[in-house]
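The values are calculated or read from the model by the stated rules, or taken from the named source; none is laboratory data. Every value quoted in this text rests on a predicted model; they were computed, and no experiment measured them. All Cβ positions, even for glycine, are placed from backbone atoms using ideal geometry, and neighbour counts span all protein chains on display.
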Amino acid sequence: MAATRYDCVVIGAGPAGTAAGTLLAQAGRRVLLVDKAIFPRFHIGESLIPAANRVLRKMGVWDQVERAGFMRKEGAEFTYGTGECRVRNRFSEGLVRGLDYTYQVERAEFDRLLLARACEAGCELRQPAEAVTAEQTPSGWRIELAVNGVREHIEAAWLLDAAGRGRWLGRHLGIPTDPIPLPKRFAVYNHFTGVARPKGPEGGNIIVTRVPGGWFWSIPLDETRTSVGLVAQRGEDRTLPEQVFHQRVAQNSFMRTWMADAQPVERFRVEADYSFLHRRFAGERWLMLGDAAGFIDPVFSSGVYLALESADLAAEAILAADAQRGLRARVRARYERELRARMQTMLRLVEVYYDERSFAVFMNPTERFDLFAAVNAVVGGTTRMGFGLRWRFALFLLVCRLNRRFSMVPAVNLDADG
Ligand SMILES: Cc1cc2nc3c(=O)[nH]c(=O)nc-3n(C[C@H](O)[C@H](O)[C@H](O)COP(=O)(O)OP(=O)(O)OC[C@H]3O[C@@H](n4cnc5c(N)ncnc54)[C@H](O)[C@@H]3O)c2cc1C
């Protein structure tokens with residue numbers, strides 16, 4: 001039997017896949033979305049940043065997100081030790097206007113909403129269906145799917161890998177990854193009731209608490225439940241991740257108080273959490289999106305934002321390449337350049353966070369030259385920078401570099417426990 005043929009097949013119906021599918025279907029393309037999981041399904045990545053709102057609007061799903069009852073997030077807070085020293089990034093006070101708020105989302109519901117929007121926009125869906133192999137043909141791709149143990153084939157002019165951190169297409173095509181100079185880490189997390197959260201507008205903020213070798217996130221999901229996770233360096237000993245979580249809570253006075261009455265709601269989950277970037281994100285009629293292209297440490301909650309941005313760039317690239325036959329290499333190069341630039345900006349911020357002397361600069365923000373407002377805008381996800389933001393962020397990075405050599409800003413003592 002002849003395989004059904006699509007303009008685009010998108011592997012993975014997370015935020016990257018559903019956004020790309022929606023934008024391409026809105027432009028009249030015949031799109032097939034494939035996901036091996038049945039939705040709604042649990043997924044980590046619950047804290048959005050406001051720059052992500054732009055693509056959600058473009059997809060036509062923002063109103064549904066606003067009405068879904070998610071916890072409103074107006075800022076991000078960073079602390080350590082006793083929790084007294086705290087940097088509060090209120091998004092509305094960032095250098096870039098219009099990034100006032102976003103949401104903390106349960107991904108099961110958020111991803112379900114985005115998938116429903118993709119189907120409404122005209123995408124076809126195979127679910128549960130696992131993409132197994134992909135073979136390049138003169139006119140595009142022939143893809144093998146496993147559907148309830150049965151093999152099926154489909155054909156498409158374009159193949160988009162939005163299958164997440166498993167590096168599905170990267171492994172298949174043998175695309176190497178570039179190492180990222182950060183130690184290998186893992187994350188262990190759960191949802192809790194009884195966390196000692198403040199009320200009021202700032203009660204919706206994410207709180208990120210630095211501890212030796214890692215950090216905790218605390219993400220309010222609704223009035224009673226909070227997602228709390230630890231990202232820690234992999235140790236040599238065999239202590240179970242859940243025990244490491246409890247040990248680290250006990251060792252930090254802020255987290256001890258925060259979690260004093262906390263009760264886990266579910267089982268603890270663990271995720272190997274290390275960053276990678278593929279050396280190439282695109283080739284002849286294929287593109288990698290979101291985590292499939294590269295994964296950056298989640299300390300600044302940038303994953304869903306980058307997934308949505310990559311989808312927007314990918315849809316633009318495909319539409320441009322179809323319109324200007326023969327110029328595909330240029331379109332591809334632009335996709336690579338634009339996505340890599342966004343990832344690199346977030347990566348610069350992550351490097352600042354993990355380097356103790358740069359972290360000291362981050363935790364002692366200055367209003368001079370509007371540097372704090374500039375960093376705030378990047379924390380809100382502004383990676384496409386105008387001149388005013390670009391030079392300020394470059395200056396901030398320079399101050400961090402200088403502080404590594406000359407220790408101008410007092411060091412923070414991560415072991416201090418009040
Ligand atoms: C510990 C941790 C904390 C994080 N916290 C945050 C946060 O607070 N905020 C944030 O924005 N991001 C966070 N992230 C990152 C975030 O989870 C991801 O960046 C985001 O989900 C990427 O979206 P995506 O669409 O690229 O991939 P995914 O959301 O992973 O979606 C991929 C989809 O592909 C499907 N799939 C996989 N393989 C196949 C296959 N072979 N065939 C068919 N389907 C397939 C999967 O079922 C899945 O539905 C965190 C990540 C980690 C590890």
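I'd like the full set of residues that are more than 11 Å from the ligand (Cβ to nearest atom) and touching a helix residue (DSSP H, G or I) at 6+ places or on another chain (Cβ under 6 Å), limited to the stretch 30-39. Within the stretch 30-39, Val31 is the sole residue that qualifies.
Count of the stretch 366-391 residues, restricted to those that are basic (Lys, Arg) and either part of a loop (DSSP other than H, G, I, E, B) or surrounded by 21 or more Cβ atoms within 10 Å (Cβ to Cβ) (or both), is 1.
Residues in the stretch 42-54 that are surrounded by fewer than 24 Cβ atoms within 10 Å (Cβ to Cβ) and near the ligand (Cβ under 7 Å from one of its atoms) were compared, and the one that is farthest from the chain's Cα centre (by Cα) is His43. Tell me yes or no: at least one residue of the stretch 212-220 is of a type in the set (A, V, I, L, M), over 17 Å from Val87 (Cα atoms) and within 14 Å of the ligand (Cβ to nearest atom). Checked against the condition, which is being of a type in the set (A, V, I, L, M), over 17 Å from Val87 (Cα atoms) and within 14 Å of the ligand (Cβ to nearest atom), the stretch 212-220 yields no hits at all.
Restricting attention to the stretch 1-29, the residues that are in contact (Cβ under 8 Å) with a residue 60 or more places away in the chain, more than 11 Å from the ligand (Cβ to nearest atom) and assigned to a loop (DSSP other than H, G, I, E, B) total 3. Can you tell me which residue in the stretch 72-100 is farthest from Ser302 (Cα to Cα), limited to those that are among the hydroxyl-bearing types (Ser, Thr, Tyr) and buried (at least 16 other Cβ atoms within 10 Å of the Cβ)? Result: Tyr80. Candidates are the residues of the stretch 292-302 that are more than 7 Å from the ligand (Cβ to nearest atom) and not aromatic (Phe, Trp, Tyr); the one that is surrounded by the most Cβ atoms within 10 Å (Cβ to Cβ) is Ala293. Flag not set for Phe281, criterion: among the aromatic types (Phe, Trp, Tyr) and within 11 Å of the ligand (Cβ to nearest atom).
Name the single residue that is nearest to the chain's Cα centre (by Cα) among those in the stretch 101-118 being closer than 30 Å to Ala323 by Cβ and surrounded by 17 or more Cβ atoms within 10 Å (Cβ to Cβ). Here the answer is Leu114. Quick one: is Tyr305 among the aromatic types (Phe, Trp, Tyr), within 22 Å of Ala19 (Cα to Cα), more than 12 Å from the ligand (Cβ to nearest atom) and assigned to a helix (DSSP H, G or I)? Here the answer is no, as Tyr305 does not meet what is asked.
Out of all the residues in the stretch 221-255, which are small (Gly, Ala, Ser), touching a residue at least 40 places away in the same chain (Cβ under 8 Å) and either more than 24 Å from Leu48 (Cα to Cα) or in contact with a Gly (Cβ under 9 Å, 6 or more places away or on another chain) (or both)? Ala232, Ser253 - these are the residues of the stretch 221-255 that are small (Gly, Ala, Ser), touching a residue at least 40 places away in the same chain (Cβ under 8 Å) and either more than 24 Å from Leu48 (Cα to Cα) or in contact with a Gly (Cβ under 9 Å, 6 or more places away or on another chain) (or both). The residue of the stretch 165-191 that is nearest to the ligand (Cβ to nearest atom), among those that are touching a helix residue (DSSP H, G or I) at 6+ places or on another chain (Cβ under 9 Å) and assigned to a strand (DSSP E or B), is Ala187. Return a yes/no flag: does the stretch 135-152 have any residue that is outside any helix (DSSP H, G or I), within 23 Å of the chain's Cα centre (by Cα) and within 14 Å of the ligand (Cβ to nearest atom). No, the stretch 135-152 has no match at all. Among the residues of the stretch 211-226, the one identified as more than 21 Å from the chain's Cα centre (by Cα) and either loosely packed, with under 13 Cβ neighbours inside 10 Å or acidic (Asp, Glu) (or both) is Glu223. Scanning the stretch 192-210 for residues that are in a strand (DSSP E or B), buried (at least 21 other Cβ atoms within 10 Å of the Cβ) and not basic (Lys, Arg) yields a count of 5.
Output the qualifying pairs, or none if there are none: Cβ atoms under 8 angstrom, residues six or more apart or on different chains, first residue in the stretch 291-313 and in contact (Cβ under 8 Å) with a residue 12 or more places away in the chain, second residue among the aromatic types (Phe, Trp, Tyr) and within 6 Å of the ligand (Cβ to nearest atom). Note: pairs meeting the criteria are Ala292/Trp168.
Provide a single number: the residues in the stretch 392-412 that are surrounded by 12 or more Cβ atoms within 10 Å (Cβ to Cβ) and part of a loop (DSSP other than H, G, I, E, B).
3
Picking from residues in the stretch 55-88 that are basic (Lys, Arg) and away from the ligand (no atom under 14 Å from the Cβ), the one that is farthest from Trp215 (Cα to Cα) is Lys58. Of all the criteria given as (1) polar (S, T, N, Q); (2) at pLDDT below 95; (3) within 21 Å of Gly380 (Cα to Cα), the one not satisfied by Ser47 is (2).
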